[in-house]
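Enquirer: One structure follows; several queries about it will come next.
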Amino acid sequence: MEEKEIAFEICVILQSYGFKAVYAGGCVRDSLSLMSYNDIDIATSASSKNVMKILSQNDYFVKEVGESFSVVLAKKDSHEFEIASFRKDIDCDGRHPKSIEFATIEEDAQRRDFTINAVFYDPIMKEHIDFVDGIKDIENKTLRFVGKLEERCAEDYLRILRFVRFWSKGYIPSEEDISKVDNLSENILKYVAPERIMKELNEKVLPNKEIVINFFKNLEKMPKLFNVLFPELYALKGVEQNPEHHPEGDAFVHSMMVFETLVSWNENPLCILAGLFHDL
């Protein structure tokens, strides 16, 4: 069976037992944008214990991968799916909730980061479920936090990087939100491990030519965040070079030109970073 057929089957099975089961997150967003997508995440009103019991009885390999967050990994025909129970996050520490509570589908939507990621799709009923005007924002290419920006960021400061990444994918935030996020940027290094920041860049930003160039252009509009993430690179602003050999401008401008050239040559992420940092 193909991936989409198996995802559909999972929802059919869970719904046949009386539980809600819908597609969630990026696959719904990209489908509404008429873009291709790979991973299909499923959200359900069933507990992880029920999901494991039901799917194992229907020839799925299952294991709990996020016991604290009630997430089950289900596998069939080499295809894997994350199935998460609807939840509310309790007492977040700037990166993770200390505990969770089972919740309604509407409450689950309210805990998500951006409206574009908070739309659900029921593949059996063939209908979207939207509590936050996410469909309108997807259609208008608008980037907007669910609820209060400060609260969503305080729950997980990695969302600051996700904000810049989705902005770089063409979803446009308001100038007010750009300023607010920039002012919160000093919290990233307090709450997010450098390794996790690097993982976000290596896996989500650097491999994509269009995203990575836009990412750094957008960072230039967020000077506090740029200085937090890449202080040595930011310090190259205003560092003069010999105009005979470098008529393009200061060392920062030169570094960014080298970076964009390497991206256009489809160099690997490590080479791109080497070029970006070569004058530090």
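Enquirer: Can you tell me which condition residue 78 does not meet? The list is (1) closer than 28 Å to residue 145 by Cβ; (2) among the hydroxyl-bearing types (Ser, Thr, Tyr); (3) modelled with pLDDT under 95, and all the others hold.
Expert: Only one criterion in (1) closer than 28 Å to residue 145 by Cβ; (2) among the hydroxyl-bearing types (Ser, Thr, Tyr); (3) modelled with pLDDT under 95 is unmet by residue 78, namely (1).
Enquirer: Here is a list of conditions, (1) in contact (Cβ under 8 Å) with a residue 12 or more places away in the chain; (2) open to solvent by less than 80 Å² (accessible area, probe 1.4 Å), and residue 18 meets all of them except one; can you say which number that is?
Expert: (1)
Enquirer: Look through 116, 54, 83 and report the one residue that is under 25 Å from residue 142 (Cα atoms) and surrounded by 17 or more Cβ atoms within 10 Å (Cβ to Cβ).
Expert: Result of the check over 116, 54, 83: 116.
Enquirer: Just give me the residues in segment 253-280 being farther than 21 Å from residue 198 by Cα and open to solvent by less than 50 Å² (accessible area, probe 1.4 Å), in sequence order.
Expert: Once the filter is applied, which keeps residues that are farther than 21 Å from residue 198 by Cα and open to solvent by less than 50 Å² (accessible area, probe 1.4 Å), segment 253-280 yields only 254.
Enquirer: Which residue is farthest from residue 14 (Cα to Cα), if the candidates are limited to segment 46-98 and must be of a type in the set (Phe, Trp, Tyr) and within 19 Å of the chain's Cα centre (by Cα)?
Expert: So the residue we want is 69.
Enquirer: Output the number of the condition that residue 98 fails; it satisfies all remaining conditions of (1) open to solvent by 40 Å² or more (accessible area, probe 1.4 Å); (2) modelled with pLDDT of 95 or more.
Expert: For residue 98, the exception is condition (2).
Enquirer: What helices (runs of 4 or more DSSP H) completely inside segment 131-205 contain at least 2 residues that are open to solvent by less than 50 Å² (accessible area, probe 1.4 Å)?
Expert: It comes to 134-140, 149-155, 159-168, 175-183, 194-200.
Enquirer: So residue 108 clears everything in (1) without any contact (Cβ under 8 Å) to a residue 12 or more places away in the chain; (2) open to solvent by less than 10 Å² (accessible area, probe 1.4 Å); (3) of a type in the set (D, E, K, R) except one condition, right? Which one?
Expert: Going through the list (1) without any contact (Cβ under 8 Å) to a residue 12 or more places away in the chain; (2) open to solvent by less than 10 Å² (accessible area, probe 1.4 Å); (3) of a type in the set (D, E, K, R), residue 108 breaks only (1).
Conditions tested, residue by residue: (1) under 23 Å from residue 89 (Cβ atoms); (2) of a type in the set (S, T, N, Q).
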{"residue": "143", "(1), (2)": "yes, no"}
{"residue": "155", "(1), (2)": "yes, no"}
{"residue": "166", "(1), (2)": "yes, no"}
{"residue": "178", "(1), (2)": "no, no"}
{"residue": "185", "(1), (2)": "yes, yes"}
{"residue": "190", "(1), (2)": "yes, no"}
{"residue": "195", "(1), (2)": "yes, no"}
{"residue": "199", "(1), (2)": "yes, no"}
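Enquirer: Would you confirm whether or not segment 59-72 contains a residue that is crowded, with 17+ Cβ neighbours inside 10 Å, aromatic (Phe, Trp, Tyr) and closer than 25 Å to residue 35 by Cα?
Expert: Checked segment 59-72: no residue is crowded, with 17+ Cβ neighbours inside 10 Å, aromatic (Phe, Trp, Tyr) and closer than 25 Å to residue 35 by Cα.
The values are calculated or read from the model by the stated rules, or taken from the named source; none is laboratory data. It should be emphasised that the depicted structure is a prediction, and the values quoted were computed from it without experimental measurement. Counting neighbours? That spans all protein chains shown, and the Cβs are built from the backbone with ideal geometry, glycine included. Heads up: the accessible areas ignore ligands, DNA and RNA and are worked out on the full protein's heavy atoms, side chains in. Shrake-Rupley method; radii C 1.70, N 1.55, O 1.52, S 1.80 Å.
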